[in-house]
Amino acid sequence: MVLYTKTSTDHYALKEFYQVSTSSTPKQQFKNGPIMAALLVAGFVGLFSETALNIAFVELSSIFKIDPTTVQWLATGYFLTLGILVPVSGILMQKFTTRQMFITSVVLLLVGTVLAAVAPVFGVLLVGRVIQAAGLAINLPLTQNVIFTIFPPNKRGAAMGVMGLVMLAGPSLGPTVAGLILDTLSWHYIFWVTVPFLLFSLIFGFIYLPNVNEIRKVSIDALSVILSTIGFGGIVYGFSVSGVEGWTSGTVLGAIIVGC
């Protein structure tokens, strides 16, 4: 029960109280299950594709008649694209809506997957892998941003835990599932099996994912983008080729030092 006299001061105080109470209530109810399904399925496919093709490197080297160092670029190019684009995604999320970013990421994953699946030559396969990685580079920070927006503080830890489990399962299951596929089918199906999941993610995201970020007019600092590309790209490239070149290689040490 609230007792008050009808004075102008109390009137404005009571009005302010109701405004604060109203603003503290959630303005929008999100369908967290379908939203998480759309985001995590796309992320799982991207991380699954990151490691799944590794088991087919020997076969691909023979099919495309390339040496092991060249075929290794299917993994190196993937990691390199992730290392360069993930930091830039933070800027993009301020310039474009959540739905625009999500649809772009899934479409890139889908286009890259189909392109890699039908690749007639090694160059096309490599381009498909880079496009896949670009889609994943947008998806990972976007998923974290959406989780922190749609979940209350007391539930964010559980949501991030689910995300962590899914993101760990993708690279872990990649070689195993790819091995089963190669036992009965060709390497092309390593990509084809993921297409239905990407279509599911695209449809669910289109229906359920809201715009949860604020669009701001931010200018892109070209120097920062260049330095971040050299920094993260150099470090990722150095670690990626260390397995082939060796840790004492001038290329490995040079790339890591320049990156740092």
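What about Gly90, is it part of a helix (DSSP H, G or I), at pLDDT below 90 and surrounded by fewer than 16 Cβ atoms within 10 Å (Cβ to Cβ)? Give the steps one after another, and end with the answer.
Numbers: part of a helix (DSSP H, G or I): yes; at pLDDT below 90: yes; surrounded by fewer than 16 Cβ atoms within 10 Å (Cβ to Cβ): yes.
Judged against the criteria, Gly90 is a match.
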Tally of residues being surrounded by 12 or more Cβ atoms within 10 Å (Cβ to Cβ) and within 18 Å of Pro210 (Cα to Cα) across the range 146-155: 6
Some residue of the range 119-135 being among the aliphatic types (A, V, I, L, M), in the same structural domain as Leu40 (by TED's automatic domain parsing) and under 25 Å from Lys217 (Cα atoms): yes
Looking only at the range 95-128, and only at residues there that are surrounded by fewer than 17 Cβ atoms within 10 Å (Cβ to Cβ) and not hydrophobic (A, V, I, L, M, F, W, C), the one that is nearest to Phe30 (Cα to Cα): Arg99
Lone qualifier among Leu80, Leu53, Leu74, Leu85 - being within 23 Å of Gly234 (Cβ to Cβ), within 20 Å of the chain's Cα centre (by Cα) and modelled with pLDDT of 90 or more: Leu74
Positions within the range 201-230 being closer than 27 Å to Val71 by Cβ and without any contact (Cβ under 8 Å) to a residue 40 or more places away in the chain, in sequence order: Ile230
For Arg156: the one exception among (1) touching a Phe, Trp or Tyr at 6+ places or on another chain (Cβ under 8 Å); (2) in contact (Cβ under 8 Å) with a residue 24 or more places away in the chain; (3) over 25 Å from Thr70 (Cα atoms): (2)
Filter result for Val162 (aliphatic (A, V, I, L, M) and in contact (Cβ under 8 Å) with a residue 60 or more places away in the chain): yes
Residue in the range 248-258 that is in contact (Cβ under 8 Å) with a residue 60 or more places away in the chain and under 29 Å from Leu74 (Cβ atoms) present: no
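Could you identify the single residue in Val241, Val252 that is of a type in the set (A, V, I, L, M, F, W, C), more than 16 Å from Asn54 (Cβ to Cβ), in contact with a Ser or Thr (Cβ under 7 Å, 6 or more places away or on another chain) and not assigned by TED's automatic domain parsing to the domain that holds Ser62?
Details: Val241 fails: more than 16 Å from Asn54 (Cβ to Cβ).
Step by step, each of Val241, Val252 is checked, and only Val252 is of a type in the set (A, V, I, L, M, F, W, C), more than 16 Å from Asn54 (Cβ to Cβ), in contact with a Ser or Thr (Cβ under 7 Å, 6 or more places away or on another chain) and not assigned by TED's automatic domain parsing to the domain that holds Ser62.
Within the bounds of the range 194-212, is there any residue that is over 19 Å from the mean Cα position of the chain (by Cα) and surrounded by 13 or more Cβ atoms within 10 Å (Cβ to Cβ)?
In the first step, residues of the range 194-212 are kept if they are over 19 Å from the mean Cα position of the chain (by Cα); the result is 207.
When the remaining residues are screened for being surrounded by 13 or more Cβ atoms within 10 Å (Cβ to Cβ), the result is none.
The answer is no, given that none of the residues of the range 194-212 is over 19 Å from the mean Cα position of the chain (by Cα) and surrounded by 13 or more Cβ atoms within 10 Å (Cβ to Cβ).
Could you tell me how many of the residues in the range 102-118 are free of Cβ contacts under 8 Å to residues at least 60 places away in the same chain and either farther than 16 Å from Leu82 by Cα or outside any helix (DSSP H, G or I) (or both)? If you could, list the steps in order and put the result at the bottom.
Filtering the range 102-118 down to residues free of Cβ contacts under 8 Å to residues at least 60 places away in the same chain leaves 104, 108, 111-112, 115.
Narrowing the set further to residues that are either farther than 16 Å from Leu82 by Cα or outside any helix (DSSP H, G or I) (or both) leaves 111, 115.
Counting residues in the range 102-118 that are free of Cβ contacts under 8 Å to residues at least 60 places away in the same chain and either farther than 16 Å from Leu82 by Cα or outside any helix (DSSP H, G or I) (or both) gives 2.
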Residue list for the range 119-153, filter: free of Cβ contacts under 8 Å to residues at least 12 places away in the same chain, over 30 Å from Asp67 (Cα atoms) and in a helix (DSSP H, G or I): Phe148, Pro153
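The values are calculated or read from the model by the stated rules, or taken from the named source; none is laboratory data. Bear in mind the structure is a predicted one, so any value in this text is a computation, not a measurement. Cβ sites come from the backbone with ideal geometry, for glycine too, and all protein chains shown count toward neighbours.
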